[in-house]
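Working notes, structure below.
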Amino acid sequence: MRKWIALTIPLSSSLLCACGPALAAQPEPKTTTGETPQAIVFFQNVPKPNVPLTLQPDPRVEQALPQIVPPKQPVVVYLPVYPGAAKAAPDKRIGDMGTPLDGDLVDGTLYFQVKATPDQIEAWYAKQLRTLGYRESGHGQSTANGAVVSGTVSFTKDGVPPGQPVSAPDIDVGFLLSAESGKTTFAVKALYIVTPERPKDTYLPNDIVSVTLTDGQTSKTITDKHWIPQVVQAFNALHMSTPGVSSGLAVSGPARTITATFRTSQGTALSARFSIASETVQVGDVTLNCTSTLTQSIQSALDG
């Protein structure tokens, strides 16, 4: 469980307006230094036709989390465009796969029309995004008056869990199932969570020789030369926790916390507190989002 949840919104006619802000194509971004943060750019070299989309804070997230200042760093995603597709007006009948309720989320949606079937559109985007290292991660439908009116397919970067777009944006492609004037209206949505830069003093050096795990009265020191480098690599790949809400899932029994003390060959120590239930790691005042694989590895090493 994480500090934020990916809310997969039930797709119905009353929620179809929740498709992220509809944006026009943006000019090519200019990255600058100084007071303006440098833009984060994805897929700039994607084959043409493509269109740059500048992502914006989601209005629903801002309303739900008014105390959190949205990110100021520009995020630009170059989206591949189905050949022959023309820009279209936003269509509220097209649903999406939901929105992560996270204070650092930015997203955006572009709408198009083209003489092609929904199956052709889906297959084309699946092929294009596979070349960018993406996989299909979910399908959904939206209804109006009891009838299915649109379909959606979600794409996630390989190696990234769905609903956690912190290293690469998630892409949703939604389309009306009925053609109008021989053309299909479709939408392409990009979502990304801008994570704060992780402080350098929260990273582990490469010369860790032992890890002492402590849970209450139970303690164990591990010196396994195979296990330690794997844990160090996984630990250093963690991202900063971003402000959101708890998933609220019930956890049976007391919440477990394991303290890991990493020691270098020179005797320097760094301690981290793994909160197993929330899958977070506390390093001083910094909170990192952990992974299930790493928390399970820490637990297994202590309990084994």
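Name every residue in region 206-216 that is surrounded by 15 or more Cβ atoms within 10 Å (Cβ to Cβ) and of a type in the set (D, E, K, R), in order of residue number. Reasoning before the result, please.
Narrowing region 206-216 to residues surrounded by 15 or more Cβ atoms within 10 Å (Cβ to Cβ): 208, 210-215.
The answer is Asp215, and nothing else.
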| request: Please work out which residue is surrounded by the fewest Cβ atoms within 10 Å (Cβ to Cβ), limiting yourself to region 145-164 and to residues that are within 30 Å of Met240 (Cα to Cα) and modelled with pLDDT under 90. | output: Gly159
| remark: Conditions (1) under 27 Å from Gln73 (Cα atoms); (2) under 20 Å from the mean Cα position of the chain (by Cα) -> Pro199 fails only (2)
| query | Does Asp91 satisfy the condition of being crowded, with 17+ Cβ neighbours inside 10 Å, out of contact with any helix residue (DSSP H, G or I) (no Cβ under 8 Å at 6 or more places or on another chain) and closer than 19 Å to Ser167 by Cα? | reply | no
| request: Kindly indicate the residue of region 37-65 that is closer than 21 Å to Val166 by Cα, out of contact with any strand residue (DSSP E or B) (no Cβ under 6 Å at 6 or more places or on another chain) and assigned to a loop (DSSP other than H, G, I, E, B) and also modelled with the highest pLDDT among those meeting that condition. | output: Asn45
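Taking Leu191, is it part of a loop (DSSP other than H, G, I, E, B) and either under 19 Å from Pro49 (Cβ atoms) or in contact (Cβ under 8 Å) with a residue 60 or more places away in the chain (or both)? Please lay out each step first, then the result.
Numbers: part of a loop (DSSP other than H, G, I, E, B): no; either under 19 Å from Pro49 (Cβ atoms) or in contact (Cβ under 8 Å) with a residue 60 or more places away in the chain (or both): yes.
So Leu191 fails the test.
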| query | If you take the residues in region 259-304 that are touching a helix residue (DSSP H, G or I) at 6+ places or on another chain (Cβ under 8 Å) and of a type in the set (Ser, Thr, Tyr), which one is surrounded by the fewest Cβ atoms within 10 Å (Cβ to Cβ)? | reply | Thr293
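Yes/no per residue for (1) part of a loop (DSSP other than H, G, I, E, B); (2) β-branched (Val, Ile, Thr); (3) under 22 Å from Thr221 (Cβ atoms); (4) modelled with pLDDT under 85:
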site: Thr242; (1), (2), (3), (4): yes, yes, no, yes
site: Ser246; (1), (2), (3), (4): yes, no, no, yes
site: Ala250; (1), (2), (3), (4): yes, no, no, yes
site: Ala260; (1), (2), (3), (4): no, no, yes, no
site: Ala272; (1), (2), (3), (4): no, no, yes, no
site: Leu288; (1), (2), (3), (4): no, no, no, no
site: Thr295; (1), (2), (3), (4): no, yes, yes, no
site: Leu302; (1), (2), (3), (4): no, no, yes, no
| remark: Pro80 passes all but one of the listed conditions (1) closer than 17 Å to Ile193 by Cα; (2) touching a helix residue (DSSP H, G or I) at 6+ places or on another chain (Cβ under 6 Å); the exception is number (1)
| message | Checking Ser142 against (1) touching a residue at least 40 places away in the same chain (Cβ under 8 Å); (2) assigned by TED's automatic domain parsing to the domain that holds Arg273, only one condition comes out false. Which one? | response | (2)
| Given Ser142, Ser137, Ser167, Ser219, which one is assigned to a strand (DSSP E or B), hydroxyl-bearing (Ser, Thr, Tyr) and surrounded by fewer than 17 Cβ atoms within 10 Å (Cβ to Cβ)? | Ser219
| note | Reported set for region 165-186 where residues are over 22 Å from the mean Cα position of the chain (by Cα) and of a type in the set (S, T, N, Q) is Ser178, Ser181, Thr184, Thr185
| query | Quick one: in region 97-133, which of the residues that are among the polar types (S, T, N, Q) and in contact with a Ser or Thr (Cβ under 8 Å, 6 or more places away or on another chain) is surrounded by the fewest Cβ atoms within 10 Å (Cβ to Cβ)? | reply | Thr117
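The values are calculated or read from the model by the stated rules, or taken from the named source; none is laboratory data. Because the structure is predicted, anything quoted here is derived from the model rather than measured. All Cβ positions, glycine included, derive from the backbone under ideal geometry; neighbour counts span all protein chains shown.
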